[in-house]
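**Q** Below you will find the structure I want to go over with you.
The values are calculated or read from the model by the stated rules, or taken from the named source; none is laboratory data. As the structure is a prediction and not an experimental result, all values here were calculated from the model. Neighbour counts are summed over all protein chains in view; Cβ atoms, including those assigned to glycine, are modelled from backbone coordinates with ideal geometry. Surface areas here come from the heavy atoms of the whole protein model, side chains and all, with no ligands, DNA or RNA. Shrake-Rupley method; radii C 1.70, N 1.55, O 1.52, S 1.80 Å.
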Amino acid sequence: MEARRSIFRWKSTLVAIAIIGGTFTLARFAFGIGAIANVNNAYPWGWWVGFGVLSFIAFGGCGFTLALLVEIFGQHRYAPMVRPAITMGLLLYLGYVVILMIELGRPWMGWIIFFSWQPTSALFEVAWCATLYTTVLIIEFGSVAANHYRWRRSARILGMVYLPAVVVGVSLSHLHQSSLGTLLTIVPLKVDSRWWSEVLPATFLTSSYMAGLSLVTIEHVLATHYLRLKPRVDLLGGLARFQIGLIVIFLTLRIGSLVYEGATDAALRFDWLSFLLWTEIIVGFLVPLALFSIPDVRQNKWALFASSCLLAGGILLTRLNTAVFGMRVKHWESYQPAIGEYATTFGVLATLVLIYGFAVRRLPIHREEPLDEDPAPGIAPHAAKAAV
Amino acid sequence: MAKSSNARMGTFAVFGVAVLVNLVLSIFLLDQVRRTRQEVSDLSRELASKQDVAMLRPLRVNEILERRCTRCHTDQRFAKLTGMGRPEILETIQRMREHPGSNIPSSEVREIQAALLVFRCIACHGEGVLSQIVLMPPEDRVRFLRDKVRMPDSGFRTDQVGELLRAFETLVDRPKN
């Protein structure tokens, strides 16, 4: 009873956030971008790009990471995690498109990228890859839906293209996940030395694997908790082992490039950006690394949940640091995200969570066995609120 | 889950994070030491020359004149000022201030006058020479200016050395923007 009530309030909060976001979106289209956003000519990329684009795509990486792990590296025991991952990936990519359209402001002109070729532009490459990859995600997700609703014809066709689509999808993801880093590599003078590096494409790619695996872990713990299913802690522990390797690779690149680019004195400076840097490195990466390395943690779903939340926070912070906080253009221009920018992005996020909650109850996304005994009511931990 | 297991996890985590943070800090500090050694060994044997020091704080004569005077006409007009002394220059500036839209604040008149006076020097030497003059010991400076002013075509009258000395003082006092 108690648990039910808390879920209900959850839902109305999300609906409220979505409605506020929708209102701001309407205002943006009615009165123009200046009415709700603080982005300006010196800072054309603000919260929308740092959070809405870079981070949504990073976490949307869950789809391709799991597809890579299961279908290409043949780790079939993780197969139960693929459907949630693809569903979340699809939703996040759609969310990213919506935010991009709110930002750019003329969605009806979107077709232009298919005709106006700018093959030397990193942004063009990202736009194409993300569009194609969203199509791939629709195919992958479509085959789940088609099987469930017994649309025979579509199910057969989708079944045939499923594997090729996976291969194409994984390749496209590697391309655009790393190109997001390229976008920032080409503005060395705008990104603070503590985040700019020549290996940004590689760190962006690695962090998208980690973001994907963290999101899958967070989702698995929450979904099995609320749907009263048996959590597959063995699989989560396996993912955690991969996370250890990925964090080590990421930190080697990250620390290595700080040294290589001569940014260590900036990193040891006592200021706001260094505070962000050390929060990112210690809380976001070193603590999860230490936690994941402890065998007891890898066998405890809430410990895995908490570590994954920290890691997800670290990835979010490193992206925001690179693209929002660490961006400095001209000292006399300034930028603080406006309420409208927060409202629209969180509105989209809330809508995604609502849709996902709906989908996960209607479609065979989770097929774990139900819990045998009824757990004691009202033990939903508050940590759940931190989940995406 | 047993309490002892929780405590063990906590200890492991704290210990692990401490070790890792230490590792990162050590890498950074080693890099700092390496860089500092590199920079020290790269230091040139010769200390900065007087010229290097002079370049550090240019008197920015051109900057003053460009900001206030070359908006309406080029600096060719300044040729008229050749041979003029302080009073005539001040008079010209005063006339310029009366042109509509000239926007020359009275607080800058002294400075503009000084800049116009030494403008002639940099026509031949470039701005660097002004700082060099400033760095000279006073008696050297007077001797140097006296020699220059006596040169044919210097554009100065021989009694203008005092005016020039005062012009340098005004420019050196000039607050940084």
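**Q** Within the stretch A:286-298, can you find the residues that are closer than 25 Å to residue A:234 by Cβ and either open to solvent by less than 20 Å² (accessible area, probe 1.4 Å) or at the interface with chain B (Cβ under 9 Å from one of its Cβ atoms) (or both)?
**A** A:287, A:288, A:289, A:290, A:291, A:292, A:293, A:294, A:296, A:297
**Q** Pull up the stretch A:231-266, narrow it to residues that are out of contact with any helix residue (DSSP H, G or I) (no Cβ under 8 Å at 6 or more places or on another chain) and among the hydroxyl-bearing types (Ser, Thr, Tyr), then point me to the one that is nearest to residue A:221 (Cα to Cα).
**A** A:252
**Q** Out of all the residues in the stretch A:307-327, is one or more open to solvent by 40 Å² or more (accessible area, probe 1.4 Å) and outside any helix (DSSP H, G or I)?
**A** no
**Q** Of all residues in the stretch A:38-63, count the ones that are modelled with pLDDT under 90 and part of a loop (DSSP other than H, G, I, E, B).
**A** 9
**Q** Follow-up question, since we're still on this one. Is it the case, given these coordinates, that residue A:219 is open to solvent by 10 Å² or more (accessible area, probe 1.4 Å), over 18 Å from residue B:13 (Cα atoms) and under 20 Å from the mean Cα position of the chain (by Cα)?
**A** yes
**Q** Give the residue, chosen from A:150, A:156, that is more than 22 Å from residue A:219 (Cβ to Cβ) and not in a helix (DSSP H, G or I).
**A** None of the others qualify; the one that does is A:150.
**Q** Here are some conditions: (1) open to solvent by less than 10 Å² (accessible area, probe 1.4 Å); (2) assigned to a helix (DSSP H, G or I); (3) out of contact with any Phe, Trp or Tyr (no Cβ under 6 Å at 6 or more places or on another chain). Residue A:181 meets all but one. Which one does it not meet?
**A** Result: residue A:181 passes all but (3).
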